[in-house]
1. If ligands, DNA and RNA are left out, what is the accessible area of A:TRP718 with a 1.4 Å probe, given in Å² to the nearest 10?
2. Looking only at other chains, what is the average number of their beta-carbon atoms within 10 angstrom of each beta-carbon in A:633-641?
3. All other residues with a Cβ under 10 Å from the Cβ of A:TYR305 taken together, and with Lys, Arg as +1 and Asp, Glu as -1, what is their net charge?
4. Please list 3J(HN,Hα) in residue order for region A:630-640, calculated via the Karplus relation 6.51 cos²θ - 1.76 cosθ + 1.60 where θ = phi - 60°; whole Hz, with x for glycine and proline.
5. Can you give the translational diffusion coefficient of region B:21-168 in µm²/s, computed by Stokes-Einstein from the Kirkwood radius over Cα pairs at 4 °C and 1.567 mPa s?
6. Express the relative contact order of chain A as a whole percentage, based on alpha carbon pairs under 8 Å and six or more residues apart in sequence.
7. A:PHE84 accessible area, nearest 10 Å², 1.4 Å probe?
8. Given the pairs A:LYS101/A:LYS247; A:LYS101/A:LYS263; B:LYS71/B:LYS169; A:LYS384/A:LYS671; A:LYS101/A:LYS694, which are separated by over 27 angstrom at their Cα positions?
Amino acid sequence: MKHKVSILSFAILFFAISNSVFAQIKDTLKQGDLYDMDLETLMNIEVTTASQKKQKISDAPATVISLSAEQIEKYGWVDLKDIFKALIGVDVSYDVQGEVKTLVTLRGVEGNQKILILQDGQRQNPITGERFIYAHNIPLYLYKRIEIVYGPASALYGADAYAGVINLITKEGKDIDGITGSVGYVSTNALNAHILFGKQINEDIDVVISGRIYNGEDYALHEAYKDMNDYGSVSNYTGVLGDKSKKYPIKNWNFLTKVRYKKFTFGFDWQHELESNAPSCIPTNYAYIENNIWGQDIRHFYVDYNIVKNKKLDLSAIATVGDYTINPASNFYITNTQLNNGGASYKYGYSGYVSGLIKANWTLSEKISIISGISSDAVKSFPKTQNLSEPYHLDEGLADNLSMYKDSNGYVFGLKGLTDTIFGERNYQNFGGFVQAEYIPIEKLSVIIGARYDYNTIFEGTFNPRAGLVYRATRKITVKALYGTAYIQPSNYYRWENWANPYAMHIPNEDIKPEKLQSLELNANYFINKNISLRTSIFRNDMTDIIRPMPANSQEGDYPYYNALRTSIGESPNSGFVEINGNLGKMYSQGVEIDLNFQFFSFLSSLGYTYLEGEDLENNTNLPKTSQHKVNWNISYSTKKFNVALSTRYYSDVNTTNTNSMYGNTGSGDKSLKFTGATIFYANTYYKLNKNIKIQASCDNVFNTKHYGGAPYGESIWIQAKAPQALRKVLFGVTFNF
Amino acid sequence: MKKIIIVLICVIASFINVQAQTSNAKMQSVFIYNFTKLVNWPTAYQSGNFVIGVLGNSPIVTELENMATTKKAGSQTIVIEKYTSVDAIKKCHILVIPESQSSKIAAAIGKINGNNTLIVTDTDGGTKKGAAINFVVVDSKQKFELSESNTTNKGLKVGAELIKLAIVK
């Protein structure tokens, strides 16, 4: 544990900072530079009244939580994944397999592809529906605000705005006005550094340029979790693979630039992510070595032209070119059961798109306003390949040769009708149109009705309506009744996913329908006074045609599937387990959220409680990877120069599927269908030495608590039944600005 | 366990050791300082200490006290007085009634009857309840409502600049 910093040293630093700043804070307060401003200038300074910001949000036809740059700084959140530990209504598992890294379940809806991530309105999720990776890949210093919209929003955004939408709003040059940067050392032996330049050159030109690297190692899970059900076999192993050192590499960087020129905004961003693919994979099957990695590159270039902006109409046209690439080095490094031999199964995939969007916000009168738009996407899609024995040869174009899986009748995988052994591009187009109207019949009431229609050349038409009533009972109380629908696209990722090993095979299935969700919600906001607000929500989600892995059906005439790899273990290629991705069953989730926000003196706090229940009606089990009770308590104390913040996350026992290998009905364990929850503490403190330099220390899992989260596909024999979570991690950093 | 206790002690010590302020309270104290410059009190009030009274507990007391250490009202030394109840209210130039004490506005105005005191409140409809100035937040910005009648009734003259910037009620 040579890279771990002891809790004692962290505490000493914490204490030293808090005490040494006292005298200087008093000095700062005495400076009173605000007192020298004239009243007119003062009246244009924004004040940090939580209730005022909430009041605007309270009028929106959705449950929205807004996080400011100030909150991000106070709590020391570094990447987008970090906010989930502090958010109400969220079940989160960190330190899981590379295609996910952090599993996020929002209001009982599991799946990283089911929350739409937008950055300045640009979709960040791969357009072809891959699960979104929340790793050290979305740095938060870029944003002046993050809005988390709970509930379905396909009526505005189309596909994949299913469980919710996260809007990332980047800073403008005028917000930055100079250069800021940071250098941080993480106790797992990683370097986190960024530089950000922003400037409003004149009324017409505003520029932002930023770069960030996160390089080093992630938490060494096998050093803390030595039980054989966890990472014991990795800890104990000293053989050939062990000699390669058991590392959890991170090799990430980001670049972003945004230039506004008059009515045009040009933006370009590039996210390069490459991290360990080993965590939560069964250690006796997968090698915990440096080469076992998963990575992606996501890029966007867009032009946003504001055609008209006046009191009546805000009309914009946006054109985007983007792409998503699975890093060709990505692989699953598979060992035999003795861990003394193995090899990599490489993967590759690519998608690129050109999109156009024209949207208009009309204010027809004081009582009627309309949001509308039309969009078009042309998508080039090369779905994730089969398991490859060496990295994909990029110079050979987009073609995956599956001829080794062709049976004697020429059917690939023995799948009747599938004779094309070269899997290439599976391109498609999508066209959408949406309109949402808000009508205020009386001062206290808003009625919102909207709908979106999408036509996709693969799965054809999808219609998603929404409706809402917002009743402002008094200046302090707002009540909302909301109805919404959404869909998950039957993406090429799921339609064409295929892999095989000597024991099992996953084959393509083109006949997947969109997964659909209907949601009802009642929401009340009560602003008790300027310093205290209370929000409660009662919601229910009903999901149908769940897209997930399922056993493949028998074919006509019991025609057998064909897995050529079976012969390596002396079995017939026409035998073995075969699965597909398909639509299977229904689920529902329902619950209550209570969220109390308050500020007093220099304390700012939010206390949230979530009650969640639900059922996977196909398996008659509670919603897996969710806890019935969750509490999030975030509190910060800040002065002009000093800040200390503490977050607490409690989650009760975590549900599993009935096929979970340790807790399921079919497993060898206690058949309880759940494992124990935990309470975890996170702390952050900083001190501004002067107006240019800030020193920071933050600590995840302050009390070094062993705990577990639900693992994606935890019911699989290849994945752990529950995912061990990192113990204490400490970050020391220095931030500067000029 | 020992380590946990150390951390807890340190965290608690950090909380205790640093003085409190809120951004809203600070902004309001800056506004009040500006009021001392833009409102004219009768001659009898233009000598001696300039007294700003605050009814009840509020973070603004700390902010005003910080302000008073560096600022003056013209040539007058600013003194902050905290009144724990309506009965404790004394003659002062400005009486600040925080939102938490809004139910006592009428009683407080009755108590200062006859004095040339600028009443500053922080509640919905503060000027209707008799305040000369009432703080409001509009679009996340600190603003204030001004009742000219409630100001002149107290024998105070308001500068044109203040009227220009106020939401006049």
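The values are calculated or read from the model by the stated rules, or taken from the named source; none is laboratory data. Since we're looking at a predicted model, the values are computed, not measured. Note: ideal-geometry Cβ built from the backbone for every residue, glycine included; neighbour counts use all protein chains shown. Just the protein is used for accessible areas: all its heavy atoms, side chains included, with ligands, DNA and RNA removed. Shrake-Rupley method; radii C 1.70, N 1.55, O 1.52, S 1.80 Å.
1. Here the accessible area works out near 50 Å².
2. 2
3. Local charge sum for A:TYR305: +1.
4. Values, residue by residue: 9, 10, 10, 10, 10, 9, 9, 10, 9, 10, 4 Hz.
5. It comes out at roughly 86 µm²/s.
6. 13
7. Approximately 10 Å² of A:PHE84 is accessible to the 1.4 Å probe.
8. Too far apart for the 27 Å limit: A:LYS101/A:LYS263; B:LYS71/B:LYS169; A:LYS384/A:LYS671; A:LYS101/A:LYS694.
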